[in-house]
Amino acid sequence: MLDPVRFITNLSTGEMGYSVAREARRKGFQVTLISGPTSLTPPRGVRWVPIVTVKDLEAALKKHFFNHDVLFMSAAVGDFLPVTRSSRKVPRKKTLKVLFRQSPDLVGTLARRKGDRIVIGFSLETNDWLRRSRKKRLKKHLDGIVANHFRPGHNPFGKTRARVALIDSEGARVFRFGSKPALARTLIRWAAGLAGRSKN
Ligand code: C5P
């Protein structure tokens, strides 16, 4: 938030997280859906935890992560936070300087303490998507990462078909899905497979 009525956001719609929550519930799992503001309706039977800021998300993750076996971290967390927030609406002026600082790496911090839980992260890259996503998986201690490539003619946000790479310790596989719910079903099977693998 820059002031009480202005904020920085991105193109994320929540479609991916809501699809994973719905499909996991359908499979009979107990699901907590931590969600920023969206226009989507939470799936039935899912515990819905609304949040707005990175700080809210951090608190909600700390509260709920350790009671679950799997975390799908599809949140498009802001990487930059404004250093100051005005308590009043900033008046119109010729130029406005805003200083940002790096936000805490929420999933990277939690995944260090995950024990035998499975943590799946997401990544979105405009260039060098596979190499950067592989590196991100290792840096953030993730069991798996769902890599998305944003490029001219291919926008992975919202209700759309999905072309992703699923990357785990065995390598990267590129898949095409007709919809986010179809991808979500595969992600749940993948997480179950990773959980089985880590127990062996
Ligand atoms: O935005 P980016 O592609 O770097 O996100 C990679 C993963 O890290 C995602 O799962 C995202 O939810 C998570 N993330 C985070 N804290 C941040 C930025 C990203 O947990 N400050």
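Summary table
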read-out: Structure-based [θ]222 nm, the chain - -39500 (n - 2.57) summed over DSSP H runs of at least 4, per residue, nearest 500; value: -9500 deg cm²/dmol
read-out: Low-density loop positions, trypsin sites (Lys or Arg not before Pro), the range 1-61 - DSSP coil, at most 12 other Cβ in 10 Å; value: LYS27, ARG44
read-out: List GLU170, GLU23, GLU58, ordered by accessible area with a 1.4 Å probe, largest first; value: GLU170, GLU58, GLU23
read-out: Cα-Cα separations in the range 123-173 greater than 15 Å, expressed as whole percent; value: 41 percent
read-out: Violating pairs (Cα-Cα greater than 24 angstrom) within the set LYS62/LYS97; LYS63/LYS159; LYS55/LYS136; LYS55/LYS89; LYS63/LYS180; value: LYS62/LYS97; LYS63/LYS159; LYS63/LYS180
read-out: Counting all C-alpha pairs of the range 138-200, share separated by more than 15 Å (%); value: 54 percent
read-out: Viscosity 1.306 mPa s, 10 °C: Kirkwood-radius Stokes-Einstein D of the range 8-72 over Cα pairs, µm²/s; value: 128 µm²/s
read-out: Extension gain (nm, one decimal) between LYS94 and ARG44, 0.36 nm per residue minus Cα-Cα; value: 13.2 nm
read-out: Cross-link partners of LYS114 among aspartates and glutamates (Cα-Cα below 12 Å; sequence separation of 8 or more within a chain); value: ASP69, ASP143
read-out: Computed over the chain: relative contact order in percent, which uses C-alpha pairs under 8 Å that are six or more apart; value: 20 percent
read-out: In Å², nearest 10: area of PHE29 left accessible to a 1.4 Å probe; value: 110 Å²
read-out: Top of SER39, SER123, SER169 by mean-square fluctuation, Gaussian network on the chain, Cα under 10 Å; value: SER39
read-out: Karplus (6.51, -1.76, 1.60) ³J(HN,Hα), θ = phi - 60°, over the range 105-121, in Hz, Gly and Pro reported as x; value: 7, 5, 5, x, 5, 5, 5, 4, 10, 7, x, 9, 6, 9, 10, 10, x
read-out: Area of ARG173 that stays accessible when all protein chains are in place (1.4 Å probe, Å², to 10); value: 110 Å²
read-out: Relative packing of peptides 98-104, 145-151, 135-141 - highest average C-beta neighbours within 10 Å first; value: 145-151, 135-141, 98-104
read-out: At 1.306 mPa s and 10 °C, Stokes diffusion of the chain via Kirkwood alpha-carbon radius, µm² per second; value: 88 µm²/s
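The values are calculated or read from the model by the stated rules, or taken from the named source; none is laboratory data. Everything numeric in this text was worked out from a predicted model, so none of it was measured. Reconstructed Cβ throughout: ideal geometry from the backbone, glycine too, with neighbour counts over all protein chains shown. Note: areas computed on protein heavy atoms with side chains; ligands, DNA, RNA excluded. Shrake-Rupley method; radii C 1.70, N 1.55, O 1.52, S 1.80 Å.
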